Structures are given as C-alpha cells and as structure tokens.
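Asker: I am attaching a structure below and will ask some questions about it afterwards.
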Amino acid sequence: MTRAAIDIGTNSMRLLIVDEGGHDLVRLARVTGLGRGVDAGRRLSDDAVARTLAVFEEFRRHCDERSVGRVRAVATSATRDAGNRQEFLDAAESVLGVRPQVIPGEEEARLSYVGATLGRTDDPIVVDIGGGSTEFVHATAGRIVGVSVDIGSVRLTDRLLPHRPATYDELEAASEHVDGLFASLELPTSRPVMGVAGTWTSLAAIRAGSPAAVHDAVLDRLTVDRLVARLAAASVEETASLPGLDPARAPVILAGAVIAREVMRALVATSVTVSERDLLDGVVAGL
C-alpha cells in the first residue's frame with residue numbers, strides 16, 4: 001500500500017510518499033512560516049494559514065495522483081501553542097481529507113529518532129532543530145528517551161534576532177538564551193550526534209553550495225562557528241542568494257545556526273552528521 005506522511009511544522013510543511021516497498025516517491029518541503037509571531041501572540045496569522053492551506057492543496061494532489069492508501073499528518077510546536085489551532089485543524093482537514101494530529105514534543109522526538117536511525121546500527125543522539133522547538137532523543141536500556149525544548153529557528157528569531165545583519169549584542173543575547181535553556185538538560189555526551197530537519201540540512205547545503213549532497217554530510221564545530229559569523233553579517237536578501245539555501249529559509253537560518261552551535265556545545269560534540277531521514281520517515285514507518 002502506498003503511504004504518505006505530512007509534517008506541519010512551525011516554519012515548513014513537508015510531505016513524504018512511499019510505495020509498497022518503502023521507497024520514496026515524493027519528498028517535498030515548502031516554507032510557509034506558519035508559526036511566525038505565535039511565540040508572542042499565541043495565534044496563527046490569517047496570511048500564514050492561507051499560505052499553508054495552499055501548500056496542502058498541492059500535497060493533496062500528489063496523494064491523489066498516486067492513489068495513496070494511508071495518510072497521517074502531524075502538527076508540532078506552532079500548532080500546539082496557537083489559541084486558534086482548532087480552526088486551523090478544521091481547515092486543514094477539509095483540504096487534506098485527514099485531520100492532523102497535534103503531537104507533544106516527546107512524540108515528535110521519538111518519531112524523529114525512529115526515522116533518522118532506520119537501517120543504522122550505531123547508537124546516536126538525534127537532534128531535531130525545528131522552527132518552534134528543539135528535540136534531543138537517544139536510546140537508553142532499550143527505550144527511546146526524548147526531551148523537547150521550546151526554542152527553534154522561528155521562535156528565536158522572533159524573540160532575539162529580528163535584524164539582519166545582527167548586532168553583536170543581539171547575537172550574544174541569543175546565544176546566552178539558548179545556552180541557558182540547554183544548561184539544565186541531562187544529556188549523554190559520548191555518543192555520535194545526528195542532526196535532522198531544515199536547519200541542519202540548510203547549513204550543510206550552504207557549506208557545500210548545493211542542496212544535492214546533504215545526506216550524511218558532516219559539520220564540525222569550526223564550520224558551524226564560521227557559518228554563524230557569515231550569516232550574522234549578512235542581510236536577509238544576501239542570505240537568500242546563498243547557493244544551496246532555500247531562499248524562504250533566509251529570515252530564520254541565522255537563529256537555526258545559533259541553536260546548532262549551542263547544541264554542539266551542550267553535547268560536547270566535535271561534529272554532527274546530517275540526515276535527511278527524520279520525523280517523516282518515522283511517521284511512515286508507523287503506517
């Protein structure tokens with residue numbers, strides 16, 4: 001049976017369709033900025049909802065064209081936090097034909113881990129930097145253990161990085177804020193680290209100058225430090241023109257890079273391996 005997973009994130013909407021053998025038929029990401037402003041106003045804006053529903057119409061066409069038998073849609077941080085989430089879910093259901101499930105951060109972490117580690121034999125800690133939250137997840141004594149922190153690329157941009165180029169004080173305040181959120185976490189520091197979702201793949205694409213070769217790319221600490229400095233010194237327009245980067249991610253990629261740097265510090269990690277397999281693959285595996 002052909003199956004599909006839809007990830008309704010804070011910044012991007014993503015679709016994965018696989019055939020009966022589990023092979024990818026469609027893997028798409030569309031940036032709609034659904035969660036911009038939710039951190040302050042606790043509401044999904046009408047414009048962001050309209051952009052998102054238009055993308056859902058595209059996703060529905062892909063599913064219909066491939067006679068998808070089962071579909072699961074999951075909504076994460078922005079939808080969890082929005083006071084008007086029921087209205088949004090009603091509208092999404094009318095377009096997609098299936099009602100999105102709002103999942104807690106811990107379930108988001110588990111699905112990301114399952115998807116990222118499919119077919120792997122090592123024992124990594126998986127870090128998913130989303131638009132509204134960051135998940136750390138690993139396996140311990142046969143159990144998948146995850147923690148979700150309410151900071152992501154969109155949320156940090158809204159809070160502390162509104163300007164491009166960013167000032168020194170803004171950059172320092174953002175780094176200190178993220179470091180403070182991560183400081184109380186009890187995390188393993190002796191495992192390989194895998195990075196999943198748009199921030200990690202975008203950083204790998206910027207480093208390579210192309211989005212084509214990001215799966216299994218390795219980012220070391222020095223590279224991430226240099227990317228933070230490079231992005232902090234650029235305008236949104238200059239960032240959008242960088243080879244390899246989806247221009248729609250330009251407004252929030254600096255914040256994502258700051259979070260990535262603080263993740264590596266918190267985990268005492270010298271490098272991170274980037275994976276394009278993530279929550280979507282975990283959702284499909286469950287179908």
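Asker: Which value, in Å² and to the nearest 10, is the accessible area of Leu171 when all protein chains are kept and the probe is 1.4 Å?
Answerer: 30
Asker: Given a 1.4 angstrom probe, what's the average accessible area per residue across the chain, in square angstrom?
Answerer: Details: 11820 Å² over 287 residues.
With all protein chains present, the chain gives 41 Å² per residue.
Asker: With Rg and the Kirkwood Rh both taken from Cα atoms, where does Rg over Rh land for the stretch 94-238?
Answerer: Values: Rg = 16.6 Å, Rh = 16.9 Å.
Across the stretch 94-238, the Cα-based Rg/Rh ratio is 0.98.
Asker: log₁₀ I(q)/I(0) of the stretch 12-120 at q = 0.11, 0.19 Å⁻¹, via Debye over equal Cα point scatterers, no solvent, to two decimals?
Answerer: -0.37, -1.07
Asker: Based on Cβ point charges of +1 for Lys and Arg and -1 for Asp and Glu, what charge dipole magnitude is obtained for the chain about its Cα centre, in debye rounded to the nearest 20?
Answerer: Numbers: 31 positive and 40 negative charges, 53 e Å.
Here the chain has a charge dipole of around 260 debye.
Asker: Let me ask you something else. For the stretch 169-287, with only Lys/Arg (+1) and Asp/Glu (-1) charged at the beta-carbon, what is the dipole magnitude about the Cα centre, in debye rounded to 20?
Answerer: Details: 9 positive and 16 negative charges, 73 e Å.
It comes to approximately 340 debye.
Asker: Could you order His62, His163 by accessible surface area, starting with the largest, using a probe radius of 1.4 Å? List each step's numbers first, then the result.
Answerer: Values: His62 40, His163 100 Å².
Greatest to least solvent exposure: His163, His62.
Asker: Give the long-range amide H neighbours of Ala217: residues separated by 5 or more places, or on another chain, with amide H under 5 Å away, using H modelled in the peptide plane at 1.01 Å from N.
Answerer: Val274
Asker: Shifting gears a bit: Taking K and R as +1 and D and E as -1, what net charge do the other residues with C-beta under 15 Å from the C-beta of Leu160 add up to? Can you show the working numbers first?
Answerer: On the way: positive: Arg36, Arg155, Arg159, Arg164, Arg261; negative: Asp39, Asp150, Asp158, Asp169, Glu170, Glu172, Glu176, Asp179, Glu262.
Charge balance near Leu160 sits at -4.
Asker: Give a residue-ordered list of calculated ³J(HN,Hα) values for the stretch 98-105 (Karplus: 6.51 cos²θ - 1.76 cosθ + 1.60, θ = phi - 60°; whole Hz; x for Gly, Pro).
Answerer: Going residue by residue, I get 9, 7, x, 9, 7, 9, x, x Hz, with x marking Gly and Pro.
Asker: Would you grab the residues whose amide H sits under 5 Å from the one on Val31? Only those 5+ places off in sequence or on another chain, please, with H modelled 1.01 Å from N.
Answerer: When sequence neighbours closer than 5 places are left aside, the close amide H contacts are Met13.
Asker: Considering only protein heavy atoms, what is the solvent-accessible area of Arg70 at a probe of 1.4 Å, reported in Å² to the nearest 10?
Answerer: For Arg70, the solvent-accessible surface is approximately 110 Å².
Asker: Please report the relative contact order for the stretch 1-142, taking Cα pairs under 8 Å with a sequence separation of at least 6, and give it as a percent rounded to a whole number. Display every interim value, and only then the final one.
Answerer: Details: 253 pairs, mean separation 33.7, N = 142.
Once normalised by length, the contact order is 24 percent.
Asker: Find the Cα radius of gyration of the chain, compare it with 2.2 N^0.38 Å by division, and give the number to two decimals. Spell out each step's value before the answer.
Answerer: Numbers: Rg = 17.7 Å, N = 287, 2.2 N^0.38 = 18.9 Å.
Here the Cα radius of gyration is 0.94 times the empirical estimate.
Asker: How big is the dipole moment of the stretch 1-160 about its Cα centre under a simple scheme where the beta carbon of each Lys and Arg is +1, that of each Asp and Glu is -1, and everything else is neutral? Debye, nearest 20, please.
Answerer: 60
Asker: Please list, in chain and number order, the residues 5+ apart from Ala139 or on another chain whose amide H is under 5 Å from its amide H, with Hs placed from the backbone.
Answerer: Long-range HN contacts for Ala139: Val145.
Asker: Apply the Karplus parameterisation 6.51 cos²θ - 1.76 cosθ + 1.60, with θ equal to phi minus 60°, to every residue of the stretch 113-127 and state each ³J(HN,Hα) to the nearest whole Hz, in sequence, with x for glycine and proline.
Answerer: 3J(HN,Hα) across the stretch 113-127, in whole Hz: 5, 4, x, 5, 9, 4, x, 9, 10, 7, 10, x, 9, 9, 10.
Asker: Separate question: Select from Ser94, Gly195, Pro124 the residue farthest towards the positive end of the dipole of the stretch 92-205; place +1 on Cβ of Lys and Arg, -1 on Cβ of Asp and Glu, and compute about the Cα centre.
Answerer: Final value for the positive-end residue is Ser94.
Asker: What ranking of Asp81, Asp122, Asp47 comes out by heavy-atom accessible area, probe 1.4 Å, highest first? Mind dumping the intermediate values first?
Answerer: Working: Asp81 35, Asp122 65, Asp47 105 Å².
Listed by decreasing accessible area, they come as Asp47, Asp122, Asp81.
Asker: A follow-up question, please. Rounded to the nearest 5, what % of DSSP beta bridges with both residues in the chain are antiparallel? Don't skip to the answer; put the middle values down first.
Answerer: Values: 27 of 42 bridges.
Beta bridges within the chain, antiparallel portion: roughly 65 percent.
Asker: Also: Once phi is turned into ³J(HN,Hα) by the Karplus curve 6.51 cos²θ - 1.76 cosθ + 1.60 with θ = phi - 60°, what whole-Hz value does each residue of the stretch 52-63 show in order, with x for glycine and proline?
Answerer: For the stretch 52-63, the Karplus-derived couplings read 5, 5, 5, 5, 4, 4, 5, 4, 4, 5, 4, 5 Hz, x marking Gly and Pro.
Asker: Among Arg249, Arg120, Arg43, which one shows the highest mean-square fluctuation when the chain is modelled as a Gaussian network with alpha-carbon springs under 10 Å?
Answerer: Comparing Arg249, Arg120, Arg43 in a Gaussian network model of the chain, the most mobile one is Arg120.
Asker: How long are the semi-axes of the equivalent ellipsoid of the stretch 180-240, defined as square roots of 5 times the Cα gyration tensor eigenvalues? Whole Å, largest first.
Answerer: Values: eigenvalues 111, 56, 21 Å².
Semi-axes (√(5λ), whole Å): 24, 17, 10.
Asker: Toward the positive end of the charge dipole of the stretch 1-100, about the Cα centre and with charges on Cβ (Lys, Arg +1; Asp, Glu -1), which of Val18, Val71, Gly35 goes farthest?
Answerer: Gly35
Asker: If you don't mind, another one. At a probe size of 1.4 Å, how large is the accessible area of Leu34, to the nearest 10 Å²?
Answerer: Surface accessible to solvent at Leu34 totals approximately 0 Å².
Asker: Can you give the calculated 222 nm mean residue ellipticity of the chain, where each DSSP H run of n ≥ 4 adds -39,500 (n - 2.57) and the sum is split over every residue, rounded to the nearest 500 deg cm²/dmol? Spell out each step's value before the answer.
Answerer: Working: 12 runs with 127 residues, N = 287.
Theoretical 222 nm ellipticity from helices: -13000 deg cm²/dmol.
Asker: Continuing with the same structure: What's the center-to-center distance, using Cα atoms, between the stretch 59-84 and the stretch 250-287 in Å?
Answerer: The stretch 59-84 and the stretch 250-287 have Cα centres separated by 22 Å.
The values are calculated or read from the model by the stated rules, or taken from the named source; none is laboratory data. All of these numbers come straight from a predicted model, not from anything done at the bench. Heads up, the Cβs are rebuilt from the backbone with ideal geometry, glycines too, and the neighbour counts pull from every protein chain shown. Protein only, heavy atoms only, side chains kept; ligands, DNA and RNA dropped before computing areas. Shrake-Rupley method; radii C 1.70, N 1.55, O 1.52, S 1.80 Å.
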